[in-house]
Structures are given as structure tokens and as C-alpha cells.
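Below: the structure, in C-alpha cells.
Here, each number is a calculation from the coordinates, and none is a lab measurement. Nothing here was measured: the structure is a model prediction, and the numbers come from that model. Neighbour counts are summed over all protein chains in view; Cβ atoms, including those assigned to glycine, are modelled from backbone coordinates with ideal geometry.
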Amino acid sequence: MSVEPLLSRDYDANPGLVHERLRSKYGTVAPVDLLGVPVWFVLGYEEVLRVLQNTGGIWSKHVDRWRAYVEGRIPADWPLLPVFQINNSAFQEGAAQRQLRAAWTKALAPFQDHANPQAQLLEKAIVRYADDLIGVLSEGGSAGWADLAAQYARPLPLMVANRLLGIGAARGEDVVMDIWRMIDAGPDAAAAFERLYAAMTELAAAKRERPGDDLTSYMIEAKPDFTLDELARELLMLPGLLDFTASLVCNVVVEVISNPAVRESLSVGAIDETVNRVALLNPPMANLTFRFPMTDVKLGDYTVAAGDPVMLSVAAAHADPRFAGAIDHHAIRSTRAHLAWSVGPHSCLGQRLATQITTIAVRRLFDRCAKIKLALPADQLPWRPSPFMRALRSLPVQYELAESRVPVPPGVDVPATQPAPAREAAGEPPASRSPLWSFLRGLRRGR
Ligand code: HEM
């Protein structure tokens, strides 16, 4: 069957229109071409839900279940191959996956359970990072232009990633820069990946010697038989997941700017609700990495053969008329029955953390700015081309800071709450000299 390529300019500009065209032509499951590889693209809410729940255990995410891959029919330079070959918990199944998932759950708990001091320190750190970034972007004056994607939403979660991982500040900055190179898949992406893998292996070894109060050490504590290689591959998931968080921050900021009712009542509850609505209308992880059925299975109007790649589209499922048609758009709270965090054996383990980062980032931005206006009409904002994520390439705004700086809540955590000199004394490079800060300063535009 000859099929159309999924990715195109049309798809980057408006994936929803492409989804509707595929839905009207094929129904809930469409055969598509993904960068030269034939894939089943699932658009129906019920079908996506059924595969995610995986009752009966017929679906696998393991690349060795991919028939064309095992038979050597996927070119070695297929651009998405490294994603599937990483072989961490997101691509495993059965007992191995359950053990890794248990380690993640245990290691993330201290940061996600608000009664825990680690979670409280992290919250203060996130507030401080947000304030520091707003400080840098507004160094040129109390009003001006900024790209909130590059100067705020993307660095913030990566600063959180460094802190979670327990990377020293000086090394952490190199890691942040390499993460960008890797995620943006530019010419230096492969070298950046190699350096990151080496940095994560080194970090895993160092934390095994001298554990700290960080995610890396908690992972080792939860699963002492982790090999360095295994742990490094797990840790490499984090930057990508935090970049999805960055895209959620951008999408929520656009929603708040464009919706005066939300803007007027920016209580924590209202932001939480906006995060949920944005996750529903514009899920950051728009399409999921492949699943492979282990036996032939009927899906939509087709029989999918064992070992065929199946890509679930959360974004298309949310727009499925059988789901979207039943949503009450006037309801005060939007439905939680969406799939933005997935469900079933591979569902997201960091939902609370991602929501917390997003909520703080948005609240801090709108607390500190008296005015924020999109510099482009919302429907002309540029999107990053990607088979998996729906993220803005840039978010240009005009801002005006509020007259008085909103005071930062006091705290005891050095990187999070002390003024810059104290953080420098604690081993953090002076902001003025650090490569990350120089990079961010380079992005500043005139007034
Ligand atoms: C807005 C940000 C995020 C979104 C939209 C998101 C969404 C998702 C989704 C949809 C999956 C399932 C993928 C699949 O089934 O193929 C997933 C898996 C996962 N997420 Fe998140 N996530 C986000 C941020 C985070 C963060 C910040 C963390 C941890 C700090 C995290 C931890 C995980 C883990 C460990 C898995 C793998 C679970 C498994 O395979 O068993 N996520 N996430």
C-alpha cells in the first residue's frame, strides 16, 4: 500500500489538520510513512487507550520485537534509531521493566511528596531558578523583548535536571549545553550524546562512592545491582523528559496570555487547571515511541501483523470526536480522562514534578511581569519539527516588569535560596562568568 509521509510542513504548522485528513481517509488507524519507515499511526481514543493499557500483555516496546529491525531492513542511519536503541526502562517489558520502574518510583518519591524536606527544598530551588532567569532576561531594562522558550522555559527544567541528578554546578552547565545539542539534533548531536553518556556513567560511579540527597543516589539505593551502564541509560531519559516540561511551560504561558479570564485569577488552582487543559488540548508528548504487537491484532479497520511498529498519537486521540465530542468545554474543570501522561504499565512517573515545575514557572513569570504580550499572533508562533513532541521553537514576547520585585521566599537551601555570592561560595560559578549565563545573555534582544 502506498502511504503518505506523516511529517511535512503541513504537519509542523498544524498537525490537527493532518490528523483529521488521515482520520477521514482511514478511520482510527492509518498507515503512514515515518521518515521512510512504514508505521501504523493510531488516531482513535479507544484504540490508543486499549494499546496503552495492554491488557493481555500483547504489546511490547522492546526494539527486538520490531520485525523489520530484526531482519536488518531499517537503515543504520535512520534518524530515530538511537531513540529506540537506548534500551532503558521506557523500551523494556516484563520483570526487567517493572524493577526499573520501581526504582524510578522510589527515587522520585522524596521530590514529589510535598511532606518531604527534599520536595520543599526543590520547590524553593525552582522559584530561585525562575527568578534568576527572569533577572538575566531583563538585565537590559525593565521592559523589552524576550524569547521565553530559549531564555526561560527551556533552561529552567534543565537546571532542575542538574539539581535532581546531583551534578556539581560547573560540570552541570556543560551538561545543560550538551543536552540542548542532543535534543536539537544538530550536527554536533552525536558527539554531545557521547559526552552525556560519559558524564552520566561518571556521575553514577561518583554517587556509588559518595551518595548524596539526589535522584542518582536514590536510584542506586532503590536498586543496588544497577550497573553503571544501566543507570547511565536511565538517567539520560531525564533531560528529554524535562524538555517536554519546557514545552508544557511555553504552551501554558501562551494560554494564559491569550485568555484574559485565566490571566485575571492566577491562583495556584487556576494554573493547575490551565496546565490540565493545555495537556488535553496540546499534549507535549504528542506521539509516543513505537509499540509492537507480539501476535497479529485487529486495530481499527486493519490487522496489524506481529512485529509491525505502531505509533500512538495522544494528540489525535484527544481530538477523536468520540472523545472530544463528549467533553463539556464550559465545565469549570477540564476532564482528567486525557492521555497526556499516558496510562498503563509505561505511564509517566514524573507527572507531579512536571506539573509543579510548570506551575511555578508560570506563576513566577506572571508575578514578576506587569505585562506580557505575544510578539506574534498565536497562530503564527513557530513550532519545532518533531515526530514526538509539540513544542514551540521560540516564544517571542514583549514584557514589562512589575514596579517592585516580588520578594523571594526565604529558605535554607544554598543553590536554591541564597543570593548569588553565597551560591558562588558553595561552588557554583559566578553567574557573570558561567557558559550558560553567557549563552543566555547572548540571546537578549534590544528594547
Ligand atoms: C510535561 C512533561 C512530561 C510529559 C508530557 C510526560 C509524559 C509521559 C508519557 C506520555 C509517558 C509514557 C510514554 C509511553 O507510554 O510511550 C511518560 C513516561 C515516563 N515519564 Fe513522563 N512526562 C513528562 C515529564 C516527566 C518528568 C519530569 C519525569 C521525571 C522526572 C518523567 C518520568 C517518566 C518516566 C520515568 C517514564 C517512563 C515510564 C515507563 O516506561 O515505565 N516524566 N511520560
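General remarks:
- Electrostatic dipole magnitude of the range 9-442 [Cβ: Lys, Arg +1; Asp, Glu -1; Cα centre; debye, to 20]: 460 debye
- If you plug the beta carbon distance of Ala13 and Ala326 into 1/(1 + (r/R0)^6) with R0 = 30 Å, you get a FRET efficiency near 0.60.
- Contour minus Cα-Cα distance for Lys298 and Ala68 (0.36 nm per residue): 80.8 nm
- In loop segments of the range 10-48 as defined by DSSP, there are no trypsin sites (Lys or Arg not before Pro) with at most 16 further C-beta atoms inside 10 Å of their C-beta.
- Inter-label distance, Leu81 to Glu209: 3.6 nm, where each label sits 7 Å from its Cα along the C-beta direction.
- Filtered GluC sites (Glu not before Pro), the range 5-82: DSSP coil and at most 13 other beta carbons within 10 Å: Glu71
- Charge tally in the Cβ shell below 12 Å around Phe111, where Lys, Arg are +1 and Asp, Glu are -1, Phe111 excluded: -1
- Summarising the amide proton neighbourhood of Ala370: residues at separation of 5 or more, or on other chains, whose placed amide H is nearer than 5 Å comprise Glu400, Leu401, Ala402.
- Helix-only [θ]222 nm of the chain, DSSP H runs n ≥ 4, -39500 (n - 2.57) each, per residue, nearest 500: -15000 deg cm²/dmol
- Each Cα pair under 8 Å and six or more residues apart adds its sequence gap; the mean of these over the residue count of the range 9-442 is a relative contact order of 26 percent.
- Only one residue of Ala261, Tyr152, Gly135 has its Cα farthest out toward the positive end of the dipole of the chain, where Lys and Arg carry +1 and Asp and Glu -1 on Cβ, and that residue is Ala261.
- Scattering curve values for the range 9-442, log₁₀ I(q)/I(0), Debye with Cα scatterers, q = 0.06, 0.08 Å⁻¹: -0.25, -0.45
- Pairs of Lys in the chain closer than 26 Å at Cα, counting only those 8 or more apart or on different chains: 10
- Computed from backbone phi, the HN-Hα couplings of the range 280-285 come to 6, 7, 8, x, x, 8 Hz, rounded to whole numbers (Karplus: 6.51 cos²θ - 1.76 cosθ + 1.60, θ = phi - 60°; Gly and Pro given as x).
- Segment Asp113-Ala261, extension gain: residue separation times 0.36 nm, minus the distance between their alpha carbons: 50.2 nm
- Couplings 3J(HN,Hα) of the range 65-75, computed from phi: 8, 8, 4, 4, 5, 5, 7, x, 8, 9, x Hz, in residue order, whole Hz [Karplus 6.51 cos²θ - 1.76 cosθ + 1.60, θ = phi - 60°; x for Gly and Pro].
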